[in-house]
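Colleague: Mind looking over this structure? Questions follow.
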Amino acid sequence: MNRRDLLKVSTLAGLAMAMAATGNARAEACTTDGTPNQFIPKKAADANPLERDIEKYAKCPYCGMDRKEHNKTRMLVQYGDDLADGVCSIHCLALSLSLNIDREPKNIWGPDFGSTQEPRPLVPVDQLTYLIGADLKHAMTKKSKHSFASADVAKEFQGKHGGTLASFNDALRESYLGMSDDVAQIRKNREERRKRAMQQKQG
């Protein structure tokens, strides 16, 4: 990513962090207490997080979803200190950027949804075209935000599934704007799954 885009990402994350209720990050009891300190990426610094990213970052640290299963929406961010977060979706990427407010993102990668490879290859986000609001299922969000390495392929999907073509920063902004609705829907879905699991256990 170029410096201008990185600054935009930092600004978006900063705005979201300012809007969120946070704890005291300077808690005296423990250096890892308080938001955002407890959300510092737990993996060791990694100069090349893109290599074997699903193996190294198998589960999303924010929702627990399997990144191999959700490889079509997974994302990866590497911060300036080489700590990295492998997440399941742009929804959880938005959380990572907000909670790691004092870390500048050095690299952010997103999936090429239009590829036929399994898992989908990750591409720097400034090289991706996003399709927002298409009738395509997406992890962790009601309003889909799929990314494509080819703008022409993105336009083909748009012709079939609707939506609006946009940049990564546009998609990230939409993720923050839709966070409340997305969280409410995620809670509802998880509660329904818990009820079904309980009914199966009892029946």
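The numbers here are math on the coordinates, done by the rules we state, and not lab data. Predicted model, so just to flag it, every value in this text is computed and none were measured. Heads up, the Cβs are rebuilt from the backbone with ideal geometry, glycines too, and the neighbour counts pull from every protein chain shown.
Colleague: Ranked highest first by average number of other Cβ atoms within 10 Å, how do 95-102, 177-184 line up?
Modeller: Per-residue Cβ counts within 10 Å, averaged per peptide and sorted highest first, yield 95-102, 177-184.
Colleague: Another one. Assuming R0 = 30 Å, what is the FRET efficiency of Gln127 and Lys42, from their Cβ-Cβ distance, to the nearest 0.05?
Modeller: Here the calculated transfer efficiency is 0.55.
Colleague: Give or take rounding to whole Å, what are the principal axis extents of the alpha carbon atoms in the range 84-198, in descending order?
Modeller: Per principal axis, max minus min of the Cα coordinates gives 45, 39, 28 Å.
Colleague: Relative to the Cα centre, what is the charge dipole magnitude of the range 52-203, using +1 at the beta carbon of each Lys and Arg, -1 at the beta carbon of each Asp and Glu, and rounding to the nearest 20 debye?
Modeller: I would put it at about 880 debye.
Colleague: Assuming a viscosity of 0.890 mPa s and a temperature of 25 °C, what translational diffusion coefficient in µm² per second does Stokes-Einstein assign to the range 106-154, Rh being the Kirkwood radius over Cα pairs? Don't skip to the answer; put the middle values down first.
Modeller: Details: Rh = 11.1 Å.
The calculation lands on 221 µm²/s.
Colleague: Using alpha carbon centroids, what distance separates the range 109-127 and the range 137-201, in Å?
Modeller: 16
Colleague: Here's another thing I want to ask about it. Which pairs in the list Lys68/Lys155; Lys43/Lys145; Lys42/Lys145; Lys145/Lys201; Lys72/Lys201; Lys68/Lys145 are over 30 Å apart, alpha-carbon to alpha-carbon?
Modeller: Result: Lys145/Lys201; Lys72/Lys201 exceed 30 Å.
Colleague: Moving to a separate point now. Less than 12 Å Cβ to Cβ from Lys137, Lys/Arg counted +1 and Asp/Glu -1: what total charge do the surrounding residues give?
Modeller: Value of the local net charge: +3.
Colleague: Between Leu50 and Asp135, what is the spin-label point distance in nm, taking each point 7 Å from the Cα along the Cα→C-beta axis?
Modeller: The modelled label-to-label distance comes out at 3.6 nm.
Colleague: Report the local net charge at Gln185: Lys and Arg +1, Asp and Glu -1, summed over other residues whose C-beta lies under 13 Å from its C-beta. Provide the component values of the computation, followed by the final result.
Modeller: Details: positive: Lys137, Lys142, Lys143, Arg187, Lys188, Arg190, Arg193; negative: Asp181, Asp182, Glu191, Glu192.
My count for the surroundings of Gln185 gives +3.
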